[in-house]
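What follows is a single structure, written as structure tokens, with notes after it.
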Amino acid sequence: MKKKQIFETVIEKSIFPDTGVAVIEGHKVEVKHTLPGQKVRIAITKVRKGASKARLLLVLSPSPLETENRCPHCEDCGGCSYQKVAYEEQLKLLETQMRELFAGLIPEEAFGPVIPSPIFEGYRNKMELTFGDEEKDGPLVLGLHKRGSKYDLTPVTGCRIMDEDFRKIVSATQEYFRESGLPFYHRMRHEGYLRHLLIRKAAKTGEILIDLVTTSQISREESEWAKLMLSLDLKGHIVGILNTTNDSLADVIADQGTGILYGQNHFEEELLGLKFKITPFSFFQTNSLGAEVLYETAREFVGDVKGKRVYDLYSGTGTIAQILAQVASEVTGVEIVEEAVEAAKENARRNGLDNCTFIAGDVLKVLDSLTEKPDAIILDPPREGIHPKALPKIIAYGMQEIIYISCKPTSLKADLEVFSQAGYEVKKCRFVDMFPGTAHVETVVLLTKVNN
């Protein structure tokens, strides 16, 4: 087997994340974005002793799992690798992948089946779309980047994981700006006007916030576009229409000044009986109904915290902290993003919770200043997991139980290995499907100290 060599083979199984495994000449080959049972043509990209890597060139015949195709964009977009797989089979795939990933690290009896999302279509409460073209000099498109491309876009007016109201807003906005003749922002030349459209909607209240992101290269009042948005026949109701200026060279949504075209600059969502004020750039789980399942699972793992002191490390906007604060005596949240901390403080006030303290800072450093030992610790770190130097400080508290919520299983696996060496084992493990149609999954584990 050599690099660039081309083979036709059948994918035998899938592993996390979104990777198929074939056996060629007795050698394992990993191929991203493939499913068990697919016959594929691949090109070898890396030759390794354990498992070589290959790039998918063509699916020659589909997998027996591919029985549906609800989305017209899934081939180009690439965001929903499992869109063609029936939802029940998606859950089975994820469970098989997780059991293999954590084999030897999580006891068999600790596993539970993947908990499904309450809805598997239209569940996203936030979409960030980009203005550009589908091909060079083609018509204006408001969509998502094509898989593997930094510049080409694919329209997503039929996207199945977007809320139905989002699809109406995107279609109307794309048509309006096509007729306007306004240029999109060229990321190579750093010229143009239209950059992004950000849409957020609350699942419980139905409130919608729309933010048009443009450069300052053209001075223009977007009141006519705002009127068009307000005229749309939507199931939810628009509470704010904004226009954010972004002259950053990076292809990201940066807030360099936001004006209000209509209404207000935030919307309100409800989660497990609590209310949360959310601004355009606030962090909030993208599947509100799924988030309730995730946090209910975490609350179940925590058990009785009545009268106890809880540390919520990597607390974000304080969602978990506030859920626990309803029964705990005191909850301290630590989060490095200052905007998230301010949002957490405001939301706690809105919910009448005066036993929450939120600290802005790096967990690694803040732990040195916290003098009181907690009765319970909740961990919900970013995708890359806990900082290696913060882990020993957390372990040093000697907690009998620790709850760990993870959005990236491979990072969780690395951290669990450290906890295991320190005498902890996983007593319970639950996977929550927050992103149906995709290869991603959230994990909640209950760690128990068994070795002193």
In terms of the alpha carbon gyration tensor, root eigenvalues a ≥ b ≥ c, rounded if a/c is under 1.5 and otherwise prolate when a/b exceeds b/c or oblate, segment 115-247 is oblate
Rel. contact order, % - alpha carbon contacts under 8 angstrom, at least six apart, segment 185-265:
28
Centroid-to-centroid separation of segment 275-327 and segment 411-452 [C-alpha atoms, Å]
18
Do any of K393/K427; K275/K408; K365/K428 go past 24 Å between their Cα atoms, and which?
K275/K408; K365/K428
Among G50, G79, P64, pick out the residue whose Cα is farthest towards the positive end of the charge dipole of segment 47-112, where Lys and Arg carry +1 and Asp and Glu carry -1 on C-beta, about the Cα centre.
G50
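Tell me, what is the percent relative contact order of segment 63-199, built from C-alpha pairs under 8 Å that lie six or more residues apart? Please list the in-between numbers first.
Numbers: 192 pairs, mean separation 31.9, N = 137.
Relative contact order here is 23 percent.
Per-residue counts of other Cβ atoms within 10 Å, averaged by peptide: what ranking do you get for 369-382, 218-231, highest first? Don't skip to the answer; put the middle values down first.
Values: 369-382: 16.7, 218-231: 13.9.
Top of the packing list down: 369-382, 218-231.
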Mean separation of Cα contacts under 8 Å (6+ apart) over length of segment 117-262, as relative contact order %:
19
Binned at 5 Å from zero, the C-alpha pair distances of segment 322-416 give percents of 2, 12, 22, 24, 22, 13, 4, 1
Amide H neighbours of T286 at under 5 Å, excluding residues fewer than 5 places away on the same chain, with H built from the backbone geometry, are none
Just order 315-321, 138-144, 192-198, 209-215 by mean Cβ neighbour count inside 10 Å, highest at the front, would you?
315-321, 209-215, 192-198, 138-144
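Just how large is the dipole of the chain about the Cα centre, in debye to the nearest 20, putting +1 at every Lys and Arg Cβ and -1 at every Asp and Glu Cβ?
Numbers: 56 positive and 64 negative charges, 294 e Å.
Result for the chain is approximately 1420 debye, rounded to the nearest 20.
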Using 0.36 nm per residue of separation minus the Cα-Cα distance, give me the extension gain between E8 and R189 in nm, one decimal.
61.1 nm
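For V21 and A103 in the same chain, what is the full-extension length gain: residue separation times 0.36 nm, less their Cα-Cα distance, in nm?
Value of the extension gain: 27.8 nm.
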Which Cys in the chain stand alone, with every other cysteine's Cβ at 4.7 Å or more from theirs?
C77, C80, C159, C356, C407, C429
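Per residue, how large is the accessible surface of segment 133-258? Use a 1.4 angstrom probe and give square angstrom.
On the way: 5660 Å² over 126 residues.
Heavy-atom accessible area per residue stands at 45 Å².
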How big is the Kirkwood radius of segment 322-367, worked out from every pair of different alpha carbons and given in Å to one decimal?
10.8
For q = 0.12, 0.14, 0.15 Å⁻¹, what log10 I(q)/I(0) does segment 274-391 give under the Debye formula with an equal point scatterer on each alpha carbon and no solvent?
-0.39, -0.54, -0.63
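The values are calculated or read from the model by the stated rules, or taken from the named source; none is laboratory data. Bear in mind the structure is a predicted one, so any value in this text is a computation, not a measurement. All Cβ positions, glycine included, derive from the backbone under ideal geometry; neighbour counts span all protein chains shown. Note: accessible area is taken over every heavy atom of the protein model, side chains too, but ligands, DNA and RNA are not part of it. Shrake-Rupley method; radii C 1.70, N 1.55, O 1.52, S 1.80 Å.
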